[in-house]
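First the structure, in the form of structure tokens, and then the observations on it.
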């Protein structure tokens, strides 16, 4: 398979078939990323379309310091967050920290079990992909956005904090809560019942 960097070079030279191939390679992932943020199929499709239009328009300015996939993920993330802000009418208002966003209040998982098989193999299963999407969608928005920006889009903690108008400490706490909630949901689905352990929270 031709490397993305080769396709980018060709696309910069005016080869639109090369750009079409880049779109084909990345559109499904960008759709999943966008849907994780906006939670609306039509809006997610709009984000993907605007992302690739923007990428094509600014392709000459793409300095390739990061991978093409990373670059378009950032574009999609910004576009999706813009929709969220417009939807909330908070274009200039940052996401506020909330009471309880403190490391001492981080909930403990109620259900822990060993994974059945190799987690890397499980990750490839379609049912886990579907379950993970549903689990992400079920998170409260303040946790979901942090998780998607940090763990799906690949933004750093500092970048996530800047995008959402939060402190880095607050991002870390929300991210921890999101990961714990997701792990518990996946454990319930794929954990081995015979190894179930109910944690003792009294200590």
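For a protection proxy built on the mean count of beta-carbon atoms within 10 angstrom, sort 150-162, 16-28 highest first, please. Intermediate values should be presented prior to the final figure.
Working: 150-162: 18.0, 16-28: 15.2.
Highest mean packing first, the order is 150-162, 16-28.
Can you give me the Rg/Rh ratio for the range 4-88, using Cα atoms for both radii and the Kirkwood formula for Rh?
Ratio of gyration radius to Kirkwood radius for the range 4-88: 0.99.
Tell me the relative contact order for the range 4-88 as a rounded percent, counting alpha carbon contacts under 8 Å between residues six or more apart.
Relative contact order of the range 4-88: 34 percent.
Bear in mind these aren't lab numbers, they're just calculated from the coordinates by the rules spelled out. Everything numeric here is computed off the predicted structure, so don't read it as measured data. Note that each Cβ is placed from the backbone with ideal geometry, even for glycine, and that neighbours are counted across all protein chains shown.
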